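Have a look at the structure below, then the notes.
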Amino acid sequence: MSDLPIVLDPPLAATLSAALDVEGKIVRALDELGPIGGRDVVLVGGGPDEERRLVEAGGRLTVVEPFDRDRGERWSPPDHSADAIVAAWSAFRGVDTTELAEADRVLRPDGRLLVLHDYGRDDVSRLRGERPEYSDWSRRDGPFLGAGFRIRVLHCFWSFETLEMARAFLAEAFGESGRLFGVGLKRARLSYNVALYHRTRGGLAS
């Protein structure tokens, strides 16, 4: 899992990391649906910011790389050793049966799989264009809801200190389309909706 929903050069990535979900809605929702506090948690591919947030929430953390579908290599945690698996953006892109099977192997019987992806219908999606996250993935017959997940939509923001900082970031990160979008901004934040797909081991949503 990447700390961020988009790949950026380090200076821009640091700016977005500081701006993303300053209200802490994502970690609170993960803890509510996991929970995370006091539990054994596997973080899939997370960077230092994501690790810090989950540790601050009380998780006992193990970090693994995203599952390689082609090689089919197992994650390092033993069978039934985790209370929750947290993944976002770069993992569980759609639902792959071998990836789900690996998650179920690692989770305890009542363990929880928590997957974050963009939801769309927000300012950020207007900049990024059409993506499966914004349409097919959240459908009732889509890959997540059709595989026993439920969905919670989190209404978050990319929040910047000033309007000028927001406009400068958008121009650097998204080029001319970002610059034009920034011209129309009236406040130093962009709406950003996140889909938190959640299921109990074996496909029992709760």
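The values are calculated or read from the model by the stated rules, or taken from the named source; none is laboratory data. Computed from a predicted structure; not experimentally measured. Virtual Cβ from ideal backbone geometry, glycine too; neighbours counted across all protein chains shown.
Report, by residue number, each residue of the range 31-84 that is assigned to a strand (DSSP E or B) and either among the aromatic types (Phe, Trp, Tyr) or closer than 15 Å to ASP3 by Cβ (or both). Residues satisfying the conditions are LEU43, VAL44, LEU61, VAL63.
Every condition in (1) more than 14 Å from the chain's Cα centre (by Cα); (2) surrounded by fewer than 16 Cβ atoms within 10 Å (Cβ to Cβ); (3) modelled with pLDDT of 95 or more holds for ALA18 except the one numbered (3). Annotation note: of VAL7, VAL41, the sole residue that is of a type in the set (A, V, I, L, M), under 25 Å from SER138 (Cβ atoms), without any contact (Cβ under 8 Å) to a residue 12 or more places away in the chain and in contact with a helix residue (DSSP H, G or I) (Cβ under 9 Å, 6 or more places away or on another chain) is VAL7. Scan the range 160-184 for residues that are surrounded by 16 or more Cβ atoms within 10 Å (Cβ to Cβ) and either of a type in the set (A, V, I, L, M, F, W, C) or closer than 23 Å to ALA87 by Cα (or both) and jot them down. The answer is PHE160, ALA166, ALA168, PHE169, LEU170, ALA171, ALA173, PHE174, PHE181. For the subset of the range 85-134 comprising residues that are hydroxyl-bearing (Ser, Thr, Tyr) and either at pLDDT 95 or above or in contact with a strand residue (DSSP E or B) (Cβ under 6 Å, 6 or more places away or on another chain) (or both), which member is surrounded by the most Cβ atoms within 10 Å (Cβ to Cβ)? For the range 85-134, the residue satisfying everything is TYR119.
Among the candidates ALA87, ALA91, which residue alone is assigned to a loop (DSSP other than H, G, I, E, B), hydrophobic (A, V, I, L, M, F, W, C), in contact (Cβ under 8 Å) with a residue 40 or more places away in the chain and closer than 18 Å to ASP118 by Cβ? After ruling out the rest, the residue left standing is ALA91. Within the range 158-199, the set of residues being of a type in the set (Lys, Arg) and without any contact (Cβ under 8 Å) to a residue 24 or more places away in the chain comprises ARG167, ARG179, LYS186.
Being small (Gly, Ala, Ser) and over 21 Å from HIS117 (Cα atoms) is the filter; apply it to the range 60-84 and report the residue that is modelled with the lowest pLDDT. Once the filter is applied, the top-ranked residue is GLY72. Taking the listed residues LEU33, LEU54, the one that is touching a residue at least 60 places away in the same chain (Cβ under 8 Å) and hydrophobic (A, V, I, L, M, F, W, C) is LEU33, with no other qualifying.
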